[in-house]
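Written below as structure tokens is the structure these notes are about.
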Amino acid sequence: VELSCFFGVPTQTNDTFPSSVGATELSIAGGARVIGGADSGTYDLSSTTASLSGNPNDGDVTISITIGGTRLSGLAGQPQPEINFGTFDGSGSVSITDTSFGGSLASNDLSGVVANFEGWFFGPQALETGITFSADGVRTDGSRVIVTGTILAR
């Protein structure tokens, strides 16, 4: 079982929400596990990137996450190649009544994908965003990839 979380002071529901959200500063943490195949092992998410956009007032948010990382070998001084696990795109609805959002993620890079994201707005005027995401799918070599992580955006 993989879990991820974050916490903070949620944006007050009576606060003024911006007409658009995005992020210029991102912090991404989490891990990936590959089961089977030549790349079998545990990976950090060190080369993962993400983008977030949307209009909370209109009730929409869009996210794109390109997941990549390096195998955690446990051997000091043993450089490991970066692996790209694919890009996951999704959109979801925003609930101003509890300052949250969420939706499904899809990817053309894996088959049988089950993936989703959830998030909340934090701070005055929703200046900060916290997002959890998870994905499970099968690569072309038949190996299974399981990913969980968090994105903190400002």
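The values are calculated or read from the model by the stated rules, or taken from the named source; none is laboratory data. Nothing here was measured: the structure is a model prediction, and the numbers come from that model. Methodologically, a virtual Cβ is constructed for each residue, glycine included, from the backbone with ideal geometry; neighbour enumeration extends over all protein chains shown. Heads up: the accessible areas ignore ligands, DNA and RNA and are worked out on the full protein's heavy atoms, side chains in. Shrake-Rupley method; radii C 1.70, N 1.55, O 1.52, S 1.80 Å.
Just the residues that are assigned to a loop (DSSP other than H, G, I, E, B) and open to solvent by 70 Å² or more (accessible area, probe 1.4 Å), please, taken from region 96-114. Scanning region 96-114 gives THR97, ASP98, ASN108, ASP109.
Taking the condition in contact (Cβ under 8 Å) with a residue 60 or more places away in the chain, open to solvent by less than 20 Å² (accessible area, probe 1.4 Å) and part of a strand (DSSP E or B), does PHE117 pass? In short, no. For region 85-92, does any single residue satisfy the condition of being closer than 19 Å to ASP39 by Cα, open to solvent by 40 Å² or more (accessible area, probe 1.4 Å) and either in contact with a Phe, Trp or Tyr (Cβ under 8 Å, 6 or more places away or on another chain) or modelled with pLDDT of 95 or more (or both)? Among the residues of region 85-92, at least one is closer than 19 Å to ASP39 by Cα, open to solvent by 40 Å² or more (accessible area, probe 1.4 Å) and either in contact with a Phe, Trp or Tyr (Cβ under 8 Å, 6 or more places away or on another chain) or modelled with pLDDT of 95 or more (or both), which makes the answer yes.
Remark: SER47 falls outside the filter, which requires a residue to be modelled with pLDDT under 90 and not hydrophobic (A, V, I, L, M, F, W, C). Look at (1) in contact with a Gly (Cβ under 8 Å, 6 or more places away or on another chain); (2) surrounded by fewer than 16 Cβ atoms within 10 Å (Cβ to Cβ); (3) of a type in the set (A, V, I, L, M, F, W, C) and you find that ILE28 fails only one, number (2). Each residue in region 120-138 was checked for being outside any strand (DSSP E or B) and open to solvent by less than 70 Å² (accessible area, probe 1.4 Å), and 2 pass. In the set (1) farther than 18 Å from GLY30 by Cα; (2) hydroxyl-bearing (Ser, Thr, Tyr); (3) touching a residue at least 24 places away in the same chain (Cβ under 8 Å), SER104 fails one condition alone, (3). Taking first residues from region 37-63 that are among the aromatic types (Phe, Trp, Tyr) and partners that are not in a strand (DSSP E or B), the Cβ contacts under 8 Å between residues at least 6 apart in sequence or on separate chains come to TYR43/LEU72. Exactly one residue among SER46, SER53, SER40 is surrounded by fewer than 16 Cβ atoms within 10 Å (Cβ to Cβ) and either in contact with a His (Cβ under 7 Å, 6 or more places away or on another chain) or under 19 Å from ASN116 (Cα atoms) (or both), and that residue is SER53.
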